[in-house]
Each structure stands twice: as C-alpha cells, then as structure tokens.
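A.B. asks: The structure is given below, and queries will be raised subsequently.
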C-alpha cells in the first residue's frame, strides 16, 4: 500500500510511516534542568503529546503508539505515580471529546487486571467512545511491558495446547503474534525515543524486530512538529530490507 508523502523541507516529499511508536522520555530531566518539580515535567509532557497527536493526524500517520506508563513505573515514588495517574485521568476527561471529534480512534494495550477500577473504566471509556472513528489510531501502552506481553501470549498458547485446540508443531511466530496485545495492528515501521537514551526499555520487543529506530536528544516536553519531521526524515533515508538484500544487490 502506498504511504502518503508530505513535504518536510518545502522542496521534497518523504514517505510517511504507516505506524510510528514513541518512547516519551525525559520529562523528569527536563524539569530538573529548569529547577521545576517532576510533576511539571509530566504536565508539559502531556502538552507535547497533544501536539504530537495533532501533527500525526495532519501528516497522515495511520497508527501512533505511545509508551504512556510501563509495568516498571510502579517502582517509582508513590507521589509520582499519583501524579502520573492523575494526568491520565485529566487527559482522558479533558481530551476525549476532541479525540472523538478529530476522528482519532483510541486503543489500549497492556495489563489492565491490576489497575484500579476507575482507571480501567477510563481506559474502557476512551476505547468505546472512539470505537467508530477511522482516522488516526492512537495506541496507548499503559501498564505495559513487552516481556510481560510475550509471557501472556505464551500462556494463552499453552492454554490452547492443553485444551487440545492447538498442536505444539503448529506454534509459529505468526501464531504467537496472534496472541499479542497488538495482534490486530501492523508492527511499527519507526520507533522514536526522545531524551538521547538509546534503548527500547521493554517496549514492543516482539513487534520491533524490523522497526527502524531513531533516537533524538530532545526531552519529551520539547518535542514538537519540527522534531517529529526530523525523525521521519531520518527514517526516509534508510532502506528497509527485512533480512533481504538491498535493491542494488549489496
């Protein structure tokens, strides 16, 4: 399928990835550099998220996946966890109407079972309210860890084998993918991480097998349309071979 092209520099068009995933990193360091509390960094991070969702929709991105809250984030101080969960509640309550009106469809991945009831209800509301939208799909990875996701998929496969519905010889990579949280979504073409860190941090490990990775030094609260376009421009200069040979046979 032909991907949309946009002009990022005023002269040339670049192919827009169908699915972009972002590790939104650097809120705390952004705040520390300015002598501000970490909570302010997270608040400004929400503003950056709003800008990014808007830009993704305008550029014709099909799917935008964001790493909102990892399964490892529960080890942070309780005060910071309360701040993060409070921002989630505010974002859904304040932004859900705009997302619906702008034809954004919300999908949640991650483990919901251990979440508080009101948080589960908010996540469910976000999905249900935007279920019929067919524009940008915003995938929110919340209480998400890639190793945990793979383990859940393995347990589901094991249950199928124990129930006699699946033979062990029929367990393939494709069948494994069918049991992942994102089974209905294509793998990300591009994964962006802000703040200069260069690792995936337990994010989409299964799905990122052939994703292009772009690491940028910008802290997440400062991430804007220009930084987004620069990451896409870097992606457009790469040749994706998926384990094969380059077009010239190199």
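The values are calculated or read from the model by the stated rules, or taken from the named source; none is laboratory data. The structure displayed is predicted, hence computed values, not measured ones. Here Cβ is always computed from backbone atoms with ideal geometry, including for glycine, and neighbour counts include all displayed protein chains.
A.B. asks: I'm told residue 115 meets every condition in (1) within 30 Å of residue 232 (Cβ to Cβ); (2) in contact with a strand residue (DSSP E or B) (Cβ under 7 Å, 6 or more places away or on another chain) except one. Can you identify the failing condition by its number?
C.D. replies: Residue 115 satisfies all of (1) within 30 Å of residue 232 (Cβ to Cβ); (2) in contact with a strand residue (DSSP E or B) (Cβ under 7 Å, 6 or more places away or on another chain) except (1).
A.B. asks: Any residue in segment 60-89 that is over 18 Å from residue 141 (Cβ atoms) sitting within a Cβ distance under 6 Å of a residue that is at pLDDT 90 or above and surrounded by fewer than 19 Cβ atoms within 10 Å (Cβ to Cβ)? List the pairs, counting only those 6 or more apart or interchain.
C.D. replies: 83/39
A.B. asks: When both residues are 6+ apart or on different chains and their Cβ atoms are under 6 Å apart, which pairs have a first residue that lies in segment 15-32 and is touching a residue at least 40 places away in the same chain (Cβ under 8 Å) and at positive phi, and a second that is surrounded by 21 or more Cβ atoms within 10 Å (Cβ to Cβ) and in a helix (DSSP H, G or I)?
C.D. replies: Pairs that qualify, where the first residue is touching a residue at least 40 places away in the same chain (Cβ under 8 Å) and at positive phi and the partner is surrounded by 21 or more Cβ atoms within 10 Å (Cβ to Cβ) and in a helix (DSSP H, G or I), are 26/220.
A.B. asks: Can you say whether residue 176 is farther than 30 Å from residue 216 by Cα and in contact (Cβ under 8 Å) with a residue 12 or more places away in the chain, as far as the supplied structure shows?
C.D. replies: In short, yes.
A.B. asks: Kindly list, by first and then second residue, each pair from a residue in segment 107-128 that is touching a residue at least 60 places away in the same chain (Cβ under 8 Å) to a residue that is surrounded by 13 or more Cβ atoms within 10 Å (Cβ to Cβ) and in a helix (DSSP H, G or I), limited to pairs with Cβ atoms under 8 Å and residues at least 6 apart or on different chains.
C.D. replies: Partner pairs satisfying both residue conditions: 107/127; 109/149; 110/71; 110/149.
A.B. asks: Before we move on, is residue 198 buried (at least 16 other Cβ atoms within 10 Å of the Cβ) and assigned to a loop (DSSP other than H, G, I, E, B)? Quick ask: steps written out before the conclusion?
C.D. replies: Numbers: buried (at least 16 other Cβ atoms within 10 Å of the Cβ): no; assigned to a loop (DSSP other than H, G, I, E, B): yes.
So residue 198 does not fit the description; no.
A.B. asks: Follow-up question, since we're still on this one. May I ask you to say which residue of 203, 179 is assigned to a loop (DSSP other than H, G, I, E, B), surrounded by 14 or more Cβ atoms within 10 Å (Cβ to Cβ), out of contact with any strand residue (DSSP E or B) (no Cβ under 8 Å at 6 or more places or on another chain) and modelled with pLDDT of 95 or more?
C.D. replies: 179
A.B. asks: What about residue 155, is it farther than 20 Å from residue 14 by Cα, without any contact (Cβ under 8 Å) to a residue 12 or more places away in the chain and touching a strand residue (DSSP E or B) at 6+ places or on another chain (Cβ under 9 Å)?
C.D. replies: No; evaluated as a whole, the condition is false for this residue.
So that you can scan it fast, the table gives a plain yes or no per residue for (1) in a helix (DSSP H, G or I); (2) surrounded by 13 or more Cβ atoms within 10 Å (Cβ to Cβ); (3) touching a residue at least 24 places away in the same chain (Cβ under 8 Å):
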| residue | (1), (2), (3) |
| --- | --- |
| 140 | no, yes, yes |
| 151 | yes, no, no |
| 160 | yes, yes, no |
| 164 | no, no, no |
| 183 | no, no, no |
| 186 | no, no, yes |
| 191 | no, yes, yes |
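A.B. asks: On to the next question. Filter segment 106-127 down to the residues that are more than 18 Å from the chain's Cα centre (by Cα) and outside any loop (DSSP other than H, G, I, E, B), then identify the one that is farthest from residue 50 (Cα to Cα).
C.D. replies: Taking the candidates together, the pick is 117.
A.B. asks: On the given criteria, is residue 211 out of contact with any helix residue (DSSP H, G or I) (no Cβ under 8 Å at 6 or more places or on another chain) and surrounded by 11 or more Cβ atoms within 10 Å (Cβ to Cβ)?
C.D. replies: Details: out of contact with any helix residue (DSSP H, G or I) (no Cβ under 8 Å at 6 or more places or on another chain): yes; surrounded by 11 or more Cβ atoms within 10 Å (Cβ to Cβ): yes.
The answer is yes for residue 211.
A.B. asks: Determine whether segment 217-235 contains at least one residue that is assigned to a helix (DSSP H, G or I), at pLDDT 95 or above and loosely packed, with under 14 Cβ neighbours inside 10 Å.
C.D. replies: Yes.
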